[in-house]
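> The structure is given below, and queries will be raised subsequently.
The values are calculated or read from the model by the stated rules, or taken from the named source; none is laboratory data. This one's a predicted model, so the numbers in the text were calculated from it and none came from an experiment. Please note: Cβ atoms are built from the backbone with ideal geometry, for glycine as well, and neighbour counts cover all protein chains shown.
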Amino acid sequence: MVDLRVKLGRMELKNPVMTASGTFGYGTEYKDYVDLSRIGGIVVKGTTLRDRQGNAYPRMAETPSGMLNAVGLQNKGVDYFIDSIYPTIKNYDTSIFVNVSGSTIDDYIITAEKLNDLDKIPGIELNISCPNVKEGGMAFGTSCLSASQVVKAVRSVYKNELMVKLSPNVTDISEIALAVEAEGADSISLINTLLGMAINAEKRKPLLSTVTGGLSGPAVKPIALRMVWQVAKAVKVPVVGMGGIMNATDAIEFILAGASAIQIGTANFIDPSVSEKVLVGIEEYLIRHKLSSVNELIGALEL
């Protein structure tokens, strides 16, 4: 037997395998394929203050070793989540995080406040890759100032685990990580998708209605791995790594780079049971290498 428990800020996960926001719905969509009680945590789809219809179709496109998406945070709003979704998922035997998104700081504050009293939601994942409409559409997470402002505002009203999800579309991700840590982030997750685009050459038109979208999948893994390594060296809070994790070996690489836990995203679309397989693979690796705890792997990259 090996100890798979990991600490994320003030809370403990039963193991380091989580699912990424936007790729696992609310967990209910996968319960026939995965034993949800086995995985360490679920991050439910992006939740906003008000109902969002999302972007016009087409909003997904396949790319070499990955995919582009421009879904646009389609959801029915936080009140719908509280009234209709929470009762159906609150008894899942795993840690449930709500991914919180917004277009203004007030959006984030009010949404976080509404989630405060859900006793089976131990934390939120703050998505600061959203466009700040009051600043001309620049994402909150692309500058230290705006990232600090939104995290500080949410920290002042939200009492539970605050995980902050970083955008990779920046010059120095370590600076952003240090800024959100200083304002009270309990943990930091990265990376969100990379900005990309695809074109239909015959029609001379973009494949996405929004022209650009978020690139995910195996193609982004080397970049994600590098950024996780950089951030884990810079901050003292736990790091949650994601970006192109398709199997246990990928997950172990992120843990060696400094991640205390990992999130699986695009791989869920290919194999809905992948999270359990990754968990089994991590356990087998620990046994094979005669390690008693997964914590012995965190940041154990030898240079």
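> So which residues in the stretch 29-63 are part of a helix (DSSP H, G or I) and surrounded by 15 or more Cβ atoms within 10 Å (Cβ to Cβ)? Steps first, answer last, please.
To start, the set of residues in the stretch 29-63 that are part of a helix (DSSP H, G or I) comprises 29-30.
Within the stretch 29-63, just Tyr30 meets the criteria.
> Run Leu73 past the list (1) in a loop (DSSP other than H, G, I, E, B); (2) out of contact with any Leu (no Cβ under 6 Å at 6 or more places or on another chain); (3) touching a residue at least 60 places away in the same chain (Cβ under 8 Å); (4) under 27 Å from Met246 (Cβ atoms) and report the number of the one that doesn't hold.
Among (1) in a loop (DSSP other than H, G, I, E, B); (2) out of contact with any Leu (no Cβ under 6 Å at 6 or more places or on another chain); (3) touching a residue at least 60 places away in the same chain (Cβ under 8 Å); (4) under 27 Å from Met246 (Cβ atoms), the lone unmet condition for Leu73 is (3).
> Now a separate question. I'd like to check something: does the stretch 263-286 contain any residue that is within 25 Å of Ala185 (Cα to Cα) and outside any loop (DSSP other than H, G, I, E, B)?
The answer is yes; a qualifying residue exists.
> Additional query: I'd like to verify a number: residues in the stretch 266-303 that are among the β-branched types (Val, Ile, Thr), closer than 16 Å to Lys14 by Cβ and within 18 Å of the chain's Cα centre (by Cα), how many?
1
> Quick one: in the stretch 244-268, of everything that is under 21 Å from Ser293 (Cβ atoms) and of a type in the set (Ser, Thr, Tyr), which residue is surrounded by the most Cβ atoms within 10 Å (Cβ to Cβ)?
It comes out as Ser260.
> Consider Phe81 carefully, then state whether it is part of a loop (DSSP other than H, G, I, E, B), in contact (Cβ under 8 Å) with a residue 12 or more places away in the chain and not small (Gly, Ala, Ser).
Against the criterion (part of a loop (DSSP other than H, G, I, E, B), in contact (Cβ under 8 Å) with a residue 12 or more places away in the chain and not small (Gly, Ala, Ser)), Phe81 does not qualify.
> Could you grab me the full set of residues in the stretch 46-88 that are aliphatic (A, V, I, L, M), in contact with a helix residue (DSSP H, G or I) (Cβ under 9 Å, 6 or more places away or on another chain) and closer than 19 Å to Asn268 by Cα?
Within the stretch 46-88, Met67 is the sole residue that qualifies.
> Within the stretch 93-119, track down each residue that is under 12 Å from Val44 (Cβ atoms) and out of contact with any Gly (no Cβ under 9 Å at 6 or more places or on another chain).
Answer for the stretch 93-119, where residues must be under 12 Å from Val44 (Cβ atoms) and out of contact with any Gly (no Cβ under 9 Å at 6 or more places or on another chain): Leu115, Leu118.
> In addition: Among the residues of the stretch 9-28 satisfying the criterion of being modelled with pLDDT of 95 or more and in a strand (DSSP E or B), which is surrounded by the fewest Cβ atoms within 10 Å (Cβ to Cβ)?
By that ranking, first place goes to Glu12.
> If you scan the stretch 271-300, which residues turn out to be in contact (Cβ under 8 Å) with a residue 24 or more places away in the chain and loosely packed, with under 15 Cβ neighbours inside 10 Å?
Ser273, Val280, Glu284, Ile287, Ser292, Ser293, Ala300
> Determine which single condition Val98 fails, assuming it passes every other condition in (1) modelled with pLDDT of 95 or more; (2) hydrophobic (A, V, I, L, M, F, W, C); (3) more than 25 Å from Glu276 (Cα to Cα).
Result: Val98 passes all but (3).
> May I pose another question? Gly196: over 27 Å from Ile121 (Cβ atoms), crowded, with 24+ Cβ neighbours inside 10 Å and at pLDDT below 95, yes or no?
no
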